[in-house]
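Here the structure comes first, spelled out in structure tokens, and everything after it is commentary.
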Amino acid sequence: MTYHAGKHFIWLHLLGAALLCSTILHSGATQAEPHARSEAGTAVYKALLPKAEAGDAEVQTTLGLMRLRGDEVERDLKIARVWLGKAAVQNHTPAQYYLGQLLLLDVFNASKADLNKQLTEGMGWLRRAARDQHHPSQLLYSQTVLESQLESPFNHSKIEAQQHLDACAEVYLQCTEYALKRLDNNKEEVYCPKNEFCEQKRRLLYTLANAENADARYRLSKFEGEDRMFWVRRAARLGHPKASHELAELVLLEKVPLQPEDPAVLALLNIAAQQGLLESMHLLGSLLYEGTRFPVNKPLGLQWLNLAAQRGHEPSVELLKQIQGPASEISSNDKVESPQPTESTP
């Protein structure tokens, strides 16, 4: 920012969206060549001008975004602001969303006083769009306000911001993920009993699980009252590493059977090992080396054990010492392609 007005702008630096507009503004490498812009883009822009000048809010938004991106016509942020502003005052929520973002960026060389007004206006547009149930605006508005270190940034209520997030989280997956992230506070549950906090998480996880989110499905297996194996299997079928390992272990211990829709045990372990789960590398390597449960493949087994050992997995280090000396003396690849024995394997 051009001006740093102390703590009143701390919250602004927290914008991970730092916004869609910011991404667009720094995407100059992907812009079309000036000659191509002048011929094709200008023709489209001029063709749309009469509708925009006649007050068509959707076309005004389109022209504003064209000026903002600069990939079809020459970038001009001041003209972009004008077109988006014309659409925004007509309650066109996408325009309010983009204009709000644009105003939250210090790209107009404003004075300190004018920058305060600009930021206040930007927040106002985002709130208006959020109140009209525009989901991206609800997300960005809640992120901006809730992550502020101020109690009431630019006189915006954190209670209202949380209400927008709660409403948005029921129908818009990016809101769902953000709401869950806030509840997690950088710490996922090992077990979640029946209480209001866990019920809030459960509702969000249901939404994500229904959208084929493997991590959400696995996490639901840790909640009191849920069918653990139901969720472990469904997470494993989507390739979740911990769920795949857990299911494979339970099958090997003969505690649960594989269902027709489940991957085979070696496939489950390979899925988890390929994603870097050390326990799966170790178990897969030992099973292939020993050949007691599956056809023996000692070279491949040693590769997995060595890879796990090099990443600090102590059981693999100890097993390799018993087999043939220090792990460093055994060749390994960073990625093992398949756990399956070849046809020539004895």
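Computed from the coordinates by the stated procedures, all read-outs in this text should not be read as laboratory data. What you see is a predicted model, and the numbers here were worked out from it, not measured in a lab. Ideal geometry is used to build each Cβ from the backbone, glycine not excepted, and the neighbour counts take in all protein chains shown.
Quick one: 3J(HN,Hα) in Hz for the range 85-97, Karplus 6.51/-1.76/1.60 with θ = phi - 60°, rounded, Gly and Pro as x.
x, 4, 6, 5, 5, 8, 6, 7, 4, x, 5, 4, 5
If the convex hull of the alpha-carbon atoms of the range 73-126 is projected onto planes in all directions, what is the mean projected area in square nanometres? Could the numbers behind the result be given before it?
On the way: hull surface 14.4 nm².
Averaged projected hull area, Cα only: 3.6 nm².
Considering the alpha-carbon set of the range 135-255 alone, what are its Rg and its Dmax in angstrom?
Calculated on Cα positions, Rg and Dmax stand at 16.8, 60 Å.
Quick check on packing: order 194-200, 83-89 by the mean number of other C-beta atoms within 10 Å, highest mean leading.
Working: 194-200: 11.9, 83-89: 23.0.
Highest to lowest by the protection proxy: 83-89, 194-200.
³J(HN,Hα) across the range 45-57 via Karplus (A = 6.51, B = -1.76, C = 1.60, θ = phi - 60°), whole Hz, x for Gly/Pro?
Along the range 45-57, the couplings run 4, 5, 5, 8, 4, x, 5, 5, 5, 7, x, 6, 5 Hz.
For the range 78-193, build the convex hull from the C-alpha positions and give me its volume per residue in Å³.
On the way: hull volume 13.7 nm³, N = 116.
Measuring per residue, one finds 118 Å³ for the Cα hull of the range 78-193.
Which ³J(HN,Hα) values in Hz, rounded to whole numbers, follow from the phi angles of the range 204-213 under the Karplus curve 6.51 cos²θ - 1.76 cosθ + 1.60, where θ = phi - 60° and Gly and Pro get x?
Coupling constants for the range 204-213: 5, 5, 4, 4, 5, 5, 5, 9, 6, 8 Hz.
Sort out for me the Cα centre separation of the range 230-256 from the range 259-309, rounded to whole Å.
Going from one Cα centre to the other spans 14 Å.
Report the label-to-label distance for residue 42 and residue 114 in nanometres (one decimal), using points 7 Å from each Cα along the Cα→Cβ vector.
2.9
Quick one: which of 220-232, 163-175, 271-283 comes out on top by average Cβ neighbours within 10 Å, and what's the full order, highest first?
On the way: 220-232: 16.1, 163-175: 18.7, 271-283: 21.4.
Ranking the peptides 220-232, 163-175, 271-283 by packing returns 271-283, 163-175, 220-232.
Assuming 0.36 nm per residue, please report the length gained on full extension of the stretch residue 200 to residue 258 beyond their Cα-Cα distance.
Working: separation 58, 0.36 × 58 = 20.88 nm, distance 3.21 nm.
Residue separation times 0.36 nm, minus the Cα-Cα distance, leaves 17.7 nm.
What are the residues whose amide H is under 5 Å from the amide H of residue 256, where those residues sit 5 or more places off or on another chain and H is modelled from the backbone?
251
Shape verdict for the range 173-224, please, from the Cα gyration tensor: rounded (a/c under 1.5), prolate (a/b greater than b/c) or oblate. Intermediate values should be presented prior to the final figure.
On the way: a/c = 1.58, a/b = 1.22, b/c = 1.30.
It comes out oblate by the Cα gyration axes.
How big is the range 198-292 by the Kirkwood estimate over distinct Cα pairs, in Å? Write out the running numbers ahead of the final one.
Numbers: mean 1/r = 0.0735 Å⁻¹.
The answer is 13.6 Å.
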